[in-house]
Every structure is written in C-alpha cells, then in structure tokens.
Amino acid sequence: MTILLEVEGLETCYGSSQVLFGIHLRMAAGEVATLLGRNGMGKTTTVRSLLGMTPASAGRVRFRGERIEHLAADRIARMGMAVVPEGRQIFANLTVQENLQAFAANRNASENPWSLDRVYQLFPRLAERSRNPGNRLSGGEQQMLAIGRALMTNPHLLILDEATEGLAPLIREEIWQCLAALRAQGQAILVIDKYVKRLMALADQHTLIERGQVVWQGSSAQLEAQPALWQRYIGV
Amino acid sequence: MPPPLLQVQSLVKRFGGLTATDHASFAVQSGHIHALIGPNGAGKTTLIHQLSGALVPDAGQILFAGEAVERKPMPARVQAGLVRSYQITSIFKRLTVLENIALGVQARDGSSWRFWQPARNERARYAQAAEVAERVGLAAQLQQTAGLLAHGEQRQLEVALALATRPRMLLLDEPMAGMGPDESERMLQLLLQLRNDTTILLVEHDMDAVFRLADRISTLVFGKVIATGTPEEIRRNPDVRRAYLGDEAEEAA
Amino acid sequence: ADQVKVGLLSTLSGPGAGLGTDIRDGFQLAVKHMNGKIGNLPAEVVVVDDQQNPEVAKQTAERLLKRDKVDFMTGTVFSNVMLAVGPAAFQNKTFFISPNAGPSQYAGAQCNPYFFNVSQQNDALHEAAGQTMQDKGFKRVALIAPNYPAGKDSIAGFKRFYKGEVGMETYTSLSQLDYGAEISKMRAAQVDGVYIFLPGGLGVNFIKQFVGAGLSKDVTLYAPGFSADEDVIRAVGDSMLGTFNTSQWAHDLDNAANKKFVADFQKEFGRNPSLYASQGYDAARLMDAAVRDVKGKLDDKAALRKAIEAAKFESVRGSFKFNSNHFPVQDYYLRVVSKDAQGKLTNRTVGTVFKNHQDAYVKDCKMPS
Amino acid sequence: MNTILILEQSLNGLQFGLMLFLLAAGLTLVFGIMDMINLAHGSLYMIGAYLVATFSQASGSFWLGLGLGVLATVLVGVLLEYTILRRLYHRDHLSQVMGTFAILLMSNEIVRIIWGAQPLMLNPPAALAGPVMLMDGFSYPAYRLLIIGVGLAVALLLWLLVTRTRFGMQVRAGAANREMATAMGANVRRLFTLVFALGAALCAVAGGMLGPLLAVQVGMGESILILAFVVIVIGGIGSIRGALLGALLVGLVDTAGRTLVPLLFDKAMGPEVAANAGPAVASILIYVLMAAVLFYKPQGLFPAHD
Amino acid sequence: MQRSVFDHRLQPRFMLPLLALLIAFPLIAQATGEDFYIGVASRVLVFGLAAASLNFILGFGGMVSFGHAAFVGLGAYTVGLLMQQGISSAWLAWPLAMLMGAVFSLLVGAISLRTQGVYFIMITLAFAQMLYYLIMSFKALGGDDGLSLPSRSDISLGLDLAQDATFYYVVLALVSTSLLLMARVLNARFGHVLQAIKENETRMQAIGFPVYRYKLVAFSLAGAFAGLAGALLANQGSFVGPGMLQWTQSGILLIMVILGGVGHLYGGLLGAAVFLLLEEVLAAYTVHWQLGLGAVLLMVVLVAPNGLLSLRRGMWSKR
Ligand SMILES: Nc1ncnc2c1ncn2[C@@H]1O[C@H](COP(=O)(O)OP(=O)(O)OP(=O)(O)O)[C@@H](O)[C@H]1O
Ligand SMILES: Nc1ncnc2c1ncn2[C@@H]1O[C@H](COP(=O)(O)OP(=O)(O)OP(=O)(O)O)[C@@H](O)[C@H]1O
Ligand SMILES: [Mg+2]
Ligand SMILES: [Mg+2]
C-alpha cells in the first residue's frame, strides 16, 4: 500500500506559544483517519500545519512522496490537499456557483471527477441558492458549500475540520453517507468531528491528541473496545 | 397559565423572492427553554435576527413581556432584557476574557455616560464579570486574550457575553456548534442551571442537547412553524421527522 | 550695511511651482547680471518654498523676517499668500517687493508704505483685454472664470472697459478638469469672442478642449498674458495659434534691457522667459537701483522708501513708474500667439492697448507719508 | 434650450463620465479586490500621461506613443507593486493611506525632477484633432467621441474579465479571504500583481487618452483621484458595474449641474442670488450627490460585499 | 486590576520631563536668540491638538474622518469673523469656536455615521469639500484670499498674546489640558465603550449599547477640540483661509496621526511634531523636499507598522 501522508515530530508555534509538541501520523492512500481531542488541544493547528497555513517549526511532512513542510500553502493545495476549514471561510463576495468554480480542478484524474452537477446533486439546497452571494447563506448551507468547494478540486486528500458543524441531523446523515461513499471510491480523508460514534463507523484509524501531543493511535475496533480512553481524552 | 414572555405573531421576512420567515407564530413561556429546530436554511437565524433587532420584519408582531418590540432598535431590546448570542463567534478579540465579560456587565449596570472616573477601578463590575466567567467555565482563562482562545472556548465566551447583561431572555444561536462532547456537556449544564431565572430560545442542531434541555420545541421549515410541542410530541411528529430529524430521534433517545 | 539679504518666498512645489520657479530664475538672473551684488553690496538671496499655502507661507515669512533678518521680501506669486504674509513684513518694517501678486486690497484701502508691486494690479490684464475687445468691435462675448473672488474681480475688471453684450458669464469650480459643458453652452450662446481667466492648468485644459471642439473658427479667444505665456504655449502646442492676450511685457519688446534679459535667460535656462520671469527680473533691478540710491544705508527706511518709489531702473517692459499706491503705471500690450521666423510658436506683440494705465483702486489709497 | 445643446451636454457628460470610469475602474479593482487604498493610483495616471506624451513626441505617432507609454507604465506599476505595495496588502487601511501618500509625494517630485515643473504638450492624432459633424448643425470633437468609444469598450472587457473568468473569480476570492484562497491553491501574490498591472494599464490608458485634452502636469493625479474615489464610493466599492454607473452619474450630474443650476436659480431666486449661489452650488453638486447616495444606500449603489 | 489595552496611561515618567522641557523652551530660545522658533513650537503644539482630536475618534473609535480639517477651519473662521466684527475676546471667541466645531461635527456625524468604512471616509470628505467650496465662493468670508487678522485674541488677565512666548504658554496650557481631558475620557466608561465599538461594533449593539449615540458624541467632542485647535491656529498665524479646510489638509492631519501612532494617546502630538519639523528641516535644504518627506513616511510605514510610538513598546500587540 502506498503511503499518502506521513507526519513525524510536527511542532508548531503561534508566535512564542508552542501548541504542537511532536505530532505523528501516517495515512495510506484511500484511508480515512480522524483527529480526536478536546477543544483547544491542537487539532486545527495540526491541520493548518499540514496545509502550510501555519508553518511548522519542526518535524517532517511527506505528501505523495514529497517533503512539503517547507512549501507554501498554495503549492500544497495544488499537489492535491483540500480542506473544509473550521468556520467555513466561504468567499463572501462570490456567488455559490462561483465559490464552487473558482478553484475547480481535477487533481487526481479520477474517472468520475466532481462537477457542479454532482455537487448540486449531493446538496440540492446549493442548486437552489446558486446565485446567492456566499455570505447570504444559512450556516448549514455554508458548510455544504465549503464541502462542495473542496470536492471540486478533486483532492488526493480531503481534510474536514468539524465536518458536520452546524448541520441539521438529516444533512449530517447525508454527510456521513457521502464520506462513506467517497471512501468506497478510494478517497483519502482526514476528518475532525465531535460525533465520535459516527467517526468510528467511518474511519480506519484514529489519533487522539492532548495538549499538542499524540496520546493514542489505533483502529476503530481498538478505540471502541476502550471506552475509558475516549471518555478521558474526548469527553462523554 | 401566565401570559408568555415572548410572543411571535405571523412574522414575515423576505429576501428578494425568498420568504425566509413565512407567517411564523409561536410563544415562549417565561422560565422555559424553548428550542427552535429546522433544516439548514429554514430561517432560524433570520428569525433570531428579527427578534434581536438586527433585521426588521416585513410584517407581523413581536411581543416581549407584553410590549411590541419589532420596531425597536437592538440596544433598546437588550435593555428590556432580550439578548442574543451569535452563531458565528463575535467577541472582542484584543481584550481579555474578563474585560470582554465586564463590558457586558457594564451594558446593564448603570450609565456608560461617564467621562471622568477611570472605568478600571470598578472592582465590583470586574468581580461580577469573573462570576459570569466561572459559570460558563472560563474561570481559568480570565486573563487570556480572547482572540487567542481555542474555538470552543470562544464559543463559551460568546454565551458569557450575552449572560453578563443579565437577560430575562436569551436568544442562543447554535451555542454548541464546534464544541467537543465534554464542552457541549458543560454548556448543557450551564443552560440547565440558567433555566427558571432566564428564559431561553435555543437554536441547535445537536438533538441530544435539544431533547435533554427543551421544555418546548418549535420546528421551522421553509420559514413556517410546522409544529410546536413538547419534546416527546415533536419526536413523534412525522412531518418533523421527514423534514428534519430522520432517524436521529431514536439515536438520541 | 555690508550686504543685502533678500527673502525670496515663492511657490516652488505643487501645481503652481512653474510660476514660482520662473520668478526665482528671473530674479537670480538679474542678480547674476549685477555680478552677485545688489546696489553694489554683496547679495544673499534666501530662496524658500511657500507651498502655495498661506499658513505655511506666513510661518516661513516669520523665519525670514525674524531669524534671517532679511532686508527685502519678494517672490510671492499668489494673492492669497501675499495677503497672509504681508502684515508680518509690514509690522517688521521690511519692504515687500511683490513680483506678481497684486491684490486689490493693497492697491486700495489697505495700501502700505512697505508694499510695492512690480508687476501689475490683479485686474489690469483683464481691463486691457476688455478694452481690446471693445476696440475690436466684438458684439457678444462669453466670460469664464473660476468661482472665487479673484475670478469675479477679473470679470468685473474686464467689464470696466468692455461695454458690449455679454452672452454668457460662467463661474467654474476650481478643481474642474473638463470644460465640455461650458464650451457647448458657449456654442449655443452664439458669441463671437470669449475671454477666459483660468489660471495654470485650468487654462491649458480649456484651450485644448476649445480648439478640439472646433469653436476657434467662429469664436476668437482672448486671455490674460499669463494664460498664453511661453510655458502654456509649450504645453498646448499648435492649438494656441491665434490666441490674443494682454500683457505689460513681451519678449519681443524693443528695448536694450529686454533683449539682454531674453537672450541670457534662454542661454541660462534653455527656455523662453515668461511674464513671471520678467517680473522677477525687474524686482531685483528695482532693489538694486534703490539700494544704490541710498548708498547702502538700508536702515534709513524713509530714504529707502523714497528711492524705491523713484524706481530709477531700466525695466524690461519699457516705461515703468510707481503710482501713489506703489502699483505700476505702465503700458499694456496686445500679443497674439503665432509662428516666428523659424516656425516656432511664440507671442508676437501687435499693439498697445493702454498707455500709462493706472488701476481702479488707487483712489481708495491713503498712503501714509 | 434647444435639443442640440441637450444632446451635446449629454455627450459631454457621457465622455467626462467614461474618462472618470477608466480611472475609477482600476481604483475599484485594486481597492475592492485587494482591499487596498491606493492613493498612488493618481500618480500612475500622471506617470502614464507623462510617458505617453514623451513617447508620442519621440516617435511622432500618438498611437505608438500610447502603446509604449501604457507598457512602460505597467512596468513602473509592477515594479512599484513588487518593491513596496505588496508589503502593504496585509496592513490596515491607514498604513496603506500613509504608504501610498508617501509614494504620491515621491512620484510628484521625481516627475518634476525628470520633466520639470512646466506642463507638457500632448496633442491628439491629427486625424482626430477637429470636430465631426454628427447631425446638421451639430458637430462634436472627434477625439471626445474616441474617448467615449474606448471607455465603453474597456468597460465591457473589464466586466467580462472580472465576472466571467476564473481569473476574476480567484482574484475576488483572494480579496475576500486571502488565506483561504491560498489554501485552495491560488497564488494570491501573483494574482494581485496581475490585478495591479491591469490597474496601472488602465491608468496609463486614461492618462494617455486624456493628455491631449487636459494639462499634463505635476499634481494632475490628485484632483482626479478624489473624483475617482467619489465615483467608486457612489457605485459601491469593488463593483465594476457600480464604477461605470457612478462615473456616468457623476459625469452627467456635473455637466447638467453646470448648465442647469444657474438657470434654475435664476428662475427661482432672481439673477442676483443666482450669480452668487448658482456657481457655488454647481461646484459642490457631486459631493451633494455622493452624500445623498450614501444617505439612502450606505454601501453605494451596487455593494459588492457586505 | 490588571491594565487593559483600553487604558491609556499619561506616562508621567516620560511626559513630565518633556513638559518641563516645553516650559523651558521659550527661555532657551530667547537666550540663544532664536525667538523665531517659539512660533514654530506653538504651531506644532496646535497641530498636535488638531491631530490628537482626530486620533480621539480615529484611533479610539475607529472613525476615519477625512474631513477633520473642516472642523479646524470652522474654529479658525469663527475667530476670524468675530475679529472682523471687532470682537476679539478670547473668552468669547474660543469657546464659540469649540461650539461651532462641535455643532457642525454633530450635523456631519449624524448623517455620516450611518455609513461604515471607506464610505464614512468619503462622506466626511464630501461635507468638508462642500464647506470648502462655499467659503471659497463668498466674498464676505474673504474667499480665496482668506482673512488677515489685525491682532491676536484678547485674553486679558494681564497677558498679551501678541507676545509669542505668552501665546506659546497659553497654547501649551490648553493643549496639555485637552490631552489630559481626552485621557480621562478614554479611561472612563465612555472611553471603554468607544474603544470596544471600534473593536466590534455589532457585538456592542448586541449587548445593549446604543452605538450610534456614543459614536456621535465622540465625533462631536473631537469636533470641539478641533474647533479649539482652529481658533488657536487662526491666532498663531493671524490668518484664516479656505486652504485650512481643503482635503489635503485633512489628509495631512490623518498622516500625522498615522505617523505618530493610531490609538496612542500621544500619537497625534508626536506625529504633528515629526511631520512639521521634518517639513521645516527638509524644505530648508532643497525644493525637492517632498521627495525626502515621502521617503521618510514610507520608511516609517515599513518599519513601524503602528506608527512611531509603537516602536517604543515593541510588538506588544499583534494585529
Ligand atoms: N492564532 C493563534 N494564536 C495563538 N494561539 C492560538 C491561535 N489559534 C489557536 N491558538 C491556541 O492553540 C491551541 C490549539 O488550538 P486549536 O485550534 O488547534 O485546537 P483544536 O483542537 O482545533 O480546538 P477546537 O476543538 O476548539 O477547534 C489553543 O490553546 C488555542 O488557544
Ligand atoms: N441577507 C440575505 N439575503 C438573501 N438571502 C438570505 C440572506 N440571509 C439569509 N438568506 C437565506 O435565507 C434562508 C434562511 O437562512 P437562515 O440563516 O435563517 O437559516 P437557518 O435556519 O439559520 O439555517 P442554519 O441551520 O443552516 O443556520 C437561507 O436560505 C439563506 O440562504
Ligand atoms: Mg479546531
Ligand atoms: Mg443559522
């Protein structure tokens, strides 16, 4: 199995305050992984460092066989990493359709690439609102749009930070199904969310983070078998 | 039954061709936690905007404590006790947690038309703020700069800001969004603790929380209130399940 | 005194910098002609920028007066700057030889023993233009000036001598760039002549657009001398051809002083001297004559004043003497822009409009003796 | 008032408006898209006019001069962007105001050092120098017609570029949320440089085209810069459509005001008052217009983002 | 209580020695025969006050007024017109100048504060330009020529303002008092509200502050201080002219504030001092002084992102 992403000893600081103290992670192509942990433990920071948005101060990141920890964010994105960021970050002055089209690309040359139509099929609400400016959407619609926008780049690795934040139960369900379907198509996904049960059903492997350090790594089955573990590091 | 604290009557709001609020009517009893649920884009946030005064409705009435408020500006409503929090975190990023909350306290605590006495010396106000911080679980972060808090902590501060104004009624737009399970739990405990003193209108997609908290639930679909009732009634309502809940009702039960 | 110190406060930056630069260059050329001396005393000229800002000018003038303790002030281009700095100089009893600004206040009620103007009272060129258009038998003219008091004064000056019909009288904004509307209005008003008082770039804009609109065939353009001077001709080019303008000086005036001035200015600076340059030149010559007259006793203010009033210098404009209000009594000429022998565009003097003309304000002046 | 005068004044308004548009378009792009207050925009306009004038004189052909001048201005603009302005993008508006104000001062002085304080000559191509007969008894300057034509063409092209191409979308995305656009794979730096180059080109076109009509002189950028700001604020910042509408509105209102206001005052209050108040009101009319528009629409006519 | 970013200390450790120096300055100047610089110093102080009043709304209330010179000019014209009518009492003219500044800024603010950001910048500019053109076109106000004042205002108390040193001390006293007042207001509840509005206006509204009213009062206060600065400026130069109200003048005030430090108590004062002295020095050397001025300003922007005062405290606050 080819290694898609390999992270070793990742350390990151915001100014003078260090947040990550050596994160390691390894994902194979087609694999689904999660990052789990309480608020403020460094999940988002990990993601930002992978994407080059907050450059790491130490450690190695290898993506599709290349070292990327020193690359600019746009280079990394063009190598096929796409993110659904915390807080959505929709382009407020672009319409829904433009948000989807602006960065569309086929970066992994799959036979069934994402298109406007396919995204609209997945989220019919977006089709209805396709001419709305991005900031005139409900919170949930924005989340759908953020996911659609990331998919439109046909990434090798899709990263979702708070994948279902602000989504209604029915839509949330659709997202899980969608992620499952993507996984079935061989899409590699790194996902953060608070619905741990759903994540266990979806993902191959999990990484528990506490204060910027990896405290546990393992498969869904292993995690499920140790409720004490996730109660301690994630909560309820 | 006493008259409701908040009464929404046939409220209408249009955005161009879209009717975001479509003759919505419901009432919130004093001391209740009243949940407002509905699919994404149903118009919940739009409704909260109209209740808080950020948007002016096109038609209909909003009665708060028996008084029509739909034409009043936002600050006047806050003074009357109707206070909101934001779905997208809106705090004072350069200030510390304590100072953030102290501003909220200041809003309700006497006049701010004071031009001479240093505000920093108002110990009572900062003490009050510290209390509020403690209630929402930010006691350890009092001197932390708000902008540097983690997402979840910022959400807690978001609620604290609203709480600091000692509202009679709180309008909370997805307070749990972006919180992990145990932070969610803490927020939930906080809201439970507020119940009775403070009436709450809660918009939330976390059904677990909604069903544990709510005294009454109204469901909004396409801007219309399709059902209002107890959690049990709502859970069983086939329209609500079709439009919103799906199978989650069972799961959360 | 063992030297003469001159404060030359002029507009050397901003849109009006071209005018100030010419005055400065004219002045310094004169000093050079006098071998670096004024009235046989070594001359020191302190050149400073007034930024065309009365307030800044006032501050700078104070420095020249109080710190540098200059014996003469000069340089001022703009009337508003002049009015702001004047009082400081007068209070200090320092003679102010204005090489351009000639506000009506100082010609009339507020005339001052310490103020002399070597150019012309602000209205004079407009009066000369009015007289010319009257003489040439224009039936119906259009008048355009910016909407501020000086603009209104200019039109009033024009009308003092023009008695025909005014088909259109328009005051434009000072920041206006496009004169399309005025030109159209003028066409509709069916005038046979137009007089413009549009200082600096405004005039350049107007003339270019006026000619572009094809109006120059039916309507004759008149302007004050400074709006059709060598600098403007250079900027506008062929469109200027045939523009009539009035002036107290012209580079082709036939007198020895002028010939030397024009030739040397061209040699020194590589361009034709303008009206402003000639005025700067004359200001220096006037000082020279006066200082010589009092034999360098600059502290004897009364004698110095008399000496300046006598104005015993050879002006490049020919006849020149001071009126009782310290403004010139002089001739005014009509010039027209045309091609010279080498085919170069330049002004040609075509006649004299006024002989020994004095301004309209002198009657209000009660000059203290 | 006859029809010809009204027609002519409308064309004047249109032409003045379109000339403002050329400048306002570049300004609104840089401002709306890069969120950058660029006071040096007027300087590029001035430099453009000077360069076009110089190249025209040197080559003897207006069109060749225009082409070379625009190219050279783009070069100057890109150089400016590359060395200084890009350090200001991520800064607040106030730093941008000061930084670009400094550039404005310096360019004025540098132009003065190179070309001198006196205005420069730039004439329209001979073929367009005169008027053309549009109708019986109605001739209009050919050169102004050309400006109208160029203005309309540029407006259309720009609008297509910004709203219909992926380049336009990415640039707008980068403006709204630079970090996110980068994370989506856009090289925002390069995009901004391109936008800036485009803005500089528009400046040079405006300066070059207007040179034959206006005085090419130091400081010519400032007065027109203020007007361009008025235009983009009326139209709504960042909106090409708004800039066009705002420019036309300003052009027409200004032109009409200078013709009509004195007339109206004359009728309403008699010649005495009219002579005094008429011109005063006419000169502040566009500011009144702007204040009125912002009073009713605090975001301008076409707000691009909230 | 820990210090907040909203509190602004008077910093007596730096300011008292500076004040002492300023008090001694005329004596030093007279002793060295450079009396001329007393006038320069007065002018710097007056512009410092004008810039500080702008900083009050800009740096602490987020209101970027591009028409601030109008309020200064209005104060100046108040003094000028009264003087023309033969009324020269400072006790009447100066408060009236403040009142005019306050009232006009109240009117301008009432309309302008409906808008935000650049729209606010431009609408304030619009009102200032209207005033500028109106003054320019009326002869009774002196038009383009402005008004030359026969004397300085009369303050009685046995003080003769015509003496540059006396005038300087009066200016120093007024400017210091004004800054002290502003500091007091900023550290009081009102000031905290104002600064919080700058930080997050929507949220202030949502926790119950009638934001518009607070901003309007602050705007009007600044107008009053600007009016006072105008009154002093008219006296300092014995001259009032429409140039004082021109947009370039508003721009320069803005530059002064940015140069000194937006949101620093002494930002306006420092900015005015550096700007004016720089101009004074450079202009003495070359007619191309604007090139030098531009270069210095540019350098400051690049190395001191938040103005000169931010250099001293280092990078204590990140944007
Ligand atoms: N821009 C920043 N500057 C300084 N510190 C920051 C910044 N952003 C985050 N932090 C700090 O870094 C730590 C990790 O934050 P991060 O956002 O990575 O956590 P998280 O696990 O994603 O939390 P959440 O579940 O709340 O999203 C937190 O303590 C937070 O306060
Ligand atoms: N300013 C606006 N202009 C036009 N349409 C708008 C505007 N704001 C919201 N909408 C639309 O109105 C509808 C209701 O939006 P609202 O934000 O109230 O939904 P919501 O119920 O809060 O959804 P969510 O649960 O996803 O947050 C949505 O379809 C949205 O796209
Ligand atoms: Mg996170
Ligand atoms: Mg919502």
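The values are calculated or read from the model by the stated rules, or taken from the named source; none is laboratory data. Quick caveat, the model's predicted, so the values are computed rather than measured. Neighbour counts run over all protein chains shown; Cβ positions are idealised from the backbone, glycine included. For accessibility, only protein heavy atoms count, side chains too; no ligands or nucleic acids. Shrake-Rupley method; radii C 1.70, N 1.55, O 1.52, S 1.80 Å.
Taking the criterion of being open to solvent by less than 50 Å² (accessible area, probe 1.4 Å) and under 21 Å from A:Pro155 (Cα atoms), the residues of the stretch A:114-134 that qualify are A:Trp114, A:Ser115, A:Leu116, A:Arg118, A:Val119, A:Tyr120, A:Leu122, A:Phe123, A:Leu126.
When residues in the stretch E:115-130 are screened for being open to solvent by less than 30 Å² (accessible area, probe 1.4 Å) and closer than 15 Å to E:Ala69 by Cα, 9 of them pass.
One residue is enough: does the stretch A:3-15 have a residue meeting the conditions at pLDDT below 95, buried (at least 19 other Cβ atoms within 10 Å of the Cβ), part of a loop (DSSP other than H, G, I, E, B) and away from chain B (no Cβ under 14 Å)? No, there is no match, as no residue in the stretch A:3-15 is at pLDDT below 95, buried (at least 19 other Cβ atoms within 10 Å of the Cβ), part of a loop (DSSP other than H, G, I, E, B) and away from chain B (no Cβ under 14 Å).
Identify, by number, the condition in (1) in contact with a Lys or Arg (Cβ under 7 Å, 6 or more places away or on another chain); (2) under 21 Å from A:Met79 (Cβ atoms); (3) open to solvent by less than 30 Å² (accessible area, probe 1.4 Å); (4) of a type outside the set (Ser, Thr, Tyr) that A:Arg67 doesn't meet. For A:Arg67, the exception is condition (3).
Just the residues that are of a type outside the set (D, E, K, R) and either surrounded by fewer than 23 Cβ atoms within 10 Å (Cβ to Cβ) or touching a Pro at 6+ places or on another chain (Cβ under 9 Å) (or both), please, taken from the stretch A:20-32.
A:Phe21, A:Gly22, A:His24, A:Leu25, A:Met27, A:Ala28, A:Ala29, A:Gly30, A:Val32, listed by residue number.
Checking A:Leu137, A:Leu182 one by one, the residue that is within 16 Å of ligand 2 (Cβ to nearest atom) and open to solvent by less than 30 Å² (accessible area, probe 1.4 Å) is A:Leu137 and no other. Pairing residues of the stretch A:118-140 that are more than 16 Å from ligand 3 (Cβ to nearest atom) with residues that are basic (Lys, Arg), at Cβ distances under 7 Å and at least 6 apart in sequence or on separate chains, gives A:Leu137/A:Arg129.
Scanning the stretch E:140-154 for residues that are in contact with a Leu (Cβ under 6 Å, 6 or more places away or on another chain) and either acidic (Asp, Glu) or modelled with pLDDT under 85 (or both) yields a total of 1. Candidates C:Ala124, C:Ala150: the one that is open to solvent by less than 10 Å² (accessible area, probe 1.4 Å), touching a Ser or Thr at 6+ places or on another chain (Cβ under 9 Å) and at pLDDT below 95 is C:Ala124.
For (1) open to solvent by 10 Å² or more (accessible area, probe 1.4 Å); (2) touching a strand residue (DSSP E or B) at 6+ places or on another chain (Cβ under 9 Å); (3) in a strand (DSSP E or B); (4) more than 9 Å from chain A (Cβ to nearest Cβ), each residue gets a yes or a no:
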| position | (1), (2), (3), (4) |
| --- | --- |
| B:Met187 | no, no, no, yes |
| B:Asp197 | yes, no, no, yes |
| B:Ala209 | no, yes, no, yes |
| B:Ile217 | no, yes, yes, yes |
| B:Ile226 | yes, yes, yes, yes |
| B:Glu233 | yes, yes, no, yes |
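Are any residues in the stretch A:81-94 within 16 Å of ligand 3 (Cβ to nearest atom) and open to solvent by 10 Å² or more (accessible area, probe 1.4 Å), and if so, which ones? Hits for the stretch A:81-94 are A:Pro85, A:Glu86, A:Gly87, A:Arg88, A:Gln89. Given the criteria in contact (Cβ under 8 Å) with a residue 24 or more places away in the chain, open to solvent by 10 Å² or more (accessible area, probe 1.4 Å) and either touching an Asp or Glu at 6+ places or on another chain (Cβ under 6 Å) or within 16 Å of ligand 4 (Cβ to nearest atom) (or both), does B:Pro57 qualify? So B:Pro57 does not fit the description; no.
Here is a yes/no grid of residues against (1) within 14 Å of chain B (Cβ to nearest Cβ); (2) buried (at least 20 other Cβ atoms within 10 Å of the Cβ); (3) in contact with a strand residue (DSSP E or B) (Cβ under 9 Å, 6 or more places away or on another chain):
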{"site": "A:Lys43", "(1), (2), (3)": "yes, yes, yes"}
{"site": "A:Leu50", "(1), (2), (3)": "no, yes, yes"}
{"site": "A:Ala56", "(1), (2), (3)": "no, yes, yes"}
{"site": "A:Gly59", "(1), (2), (3)": "no, no, yes"}
{"site": "A:Phe63", "(1), (2), (3)": "no, yes, yes"}
{"site": "A:Met79", "(1), (2), (3)": "no, no, yes"}
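Considering the stretch A:16-49, and only residues there that are assigned to a loop (DSSP other than H, G, I, E, B) and without any contact (Cβ under 8 Å) to a residue 40 or more places away in the chain, the residue that is nearest to ligand 4 (Cβ to nearest atom) turns out to be A:Asn39.
Those strands (runs of 3 or more DSSP E) of the stretch B:28-91 in which at least 1 residues are more than 20 Å from A:Gly140 (Cα to Cα) and within 12 Å of another protein chain (Cβ to nearest Cβ), considering only elements entirely within it, cover B:82-84. The residue that is modelled with the lowest pLDDT, counting only those in the stretch A:16-55 that are in contact with a His (Cβ under 9 Å, 6 or more places away or on another chain) and among the small types (Gly, Ala, Ser), is A:Gly40.
Selection of the stretch E:113-145 for residues being of a type in the set (A, V, I, L, M), free of Cβ contacts under 8 Å to residues at least 24 places away in the same chain and within 14 Å of E:Tyr77 (Cβ to Cβ) yields E:Leu134, E:Ala140. All conditions in (1) at pLDDT below 85; (2) within 14 Å of chain C (Cβ to nearest Cβ) hold for D:Ile286, with the sole exception of (1). The condition of being within 30 Å of B:Val221 (Cβ to Cβ), within 16 Å of ligand 2 (Cβ to nearest atom) and in contact with a strand residue (DSSP E or B) (Cβ under 8 Å, 6 or more places away or on another chain) holds for only one of A:Ile192, A:Ile147, A:Ile171, A:Ile175, that being A:Ile147. All of (1) over 29 Å from E:Gly146 (Cβ atoms); (2) open to solvent by less than 20 Å² (accessible area, probe 1.4 Å); (3) in contact (Cβ under 8 Å) with a residue 60 or more places away in the chain hold for E:Tyr266 with one exception: (2).
Taking the stretch A:143-171 as the range and being open to solvent by less than 10 Å² (accessible area, probe 1.4 Å), part of a helix (DSSP H, G or I) and within 20 Å of A:Arg129 (Cα to Cα) as the test, the residues that pass are A:Gln143, A:Met144, A:Leu145, A:Ala146, A:Ile147, A:Gly148, A:Arg149, A:Ala150, A:Leu151. The lone criterion from (1) more than 8 Å from every other protein chain (Cβ to nearest Cβ); (2) at positive phi left unmet by D:Lys297 is number (2).
Condition first: of a type in the set (S, T, N, Q) and open to solvent by 20 Å² or more (accessible area, probe 1.4 Å). Now tell me which residues in the stretch D:61-75 satisfy that.
Scanning the stretch D:61-75 gives a single hit, D:Ser61.
Looking only at residues in the stretch C:235-247 that are in contact with a strand residue (DSSP E or B) (Cβ under 8 Å, 6 or more places away or on another chain) and open to solvent by 10 Å² or more (accessible area, probe 1.4 Å), which one is nearest to D:Ala53 (Cα to Cα)? By that ranking, first place goes to C:Asp238. Looking for something touching a residue at least 24 places away in the same chain (Cβ under 8 Å) and surrounded by fewer than 20 Cβ atoms within 10 Å (Cβ to Cβ) - is there at least one such residue anywhere in the stretch E:281-303? Within the stretch E:281-303, none of the residues are touching a residue at least 24 places away in the same chain (Cβ under 8 Å) and surrounded by fewer than 20 Cβ atoms within 10 Å (Cβ to Cβ).
Here the condition is being over 17 Å from the mean Cα position of the chain (by Cα), touching a residue at least 40 places away in the same chain (Cβ under 8 Å), in a helix (DSSP H, G or I) and surrounded by fewer than 24 Cβ atoms within 10 Å (Cβ to Cβ); of D:Leu294, D:Leu249, D:Leu264, it holds for D:Leu294 alone.
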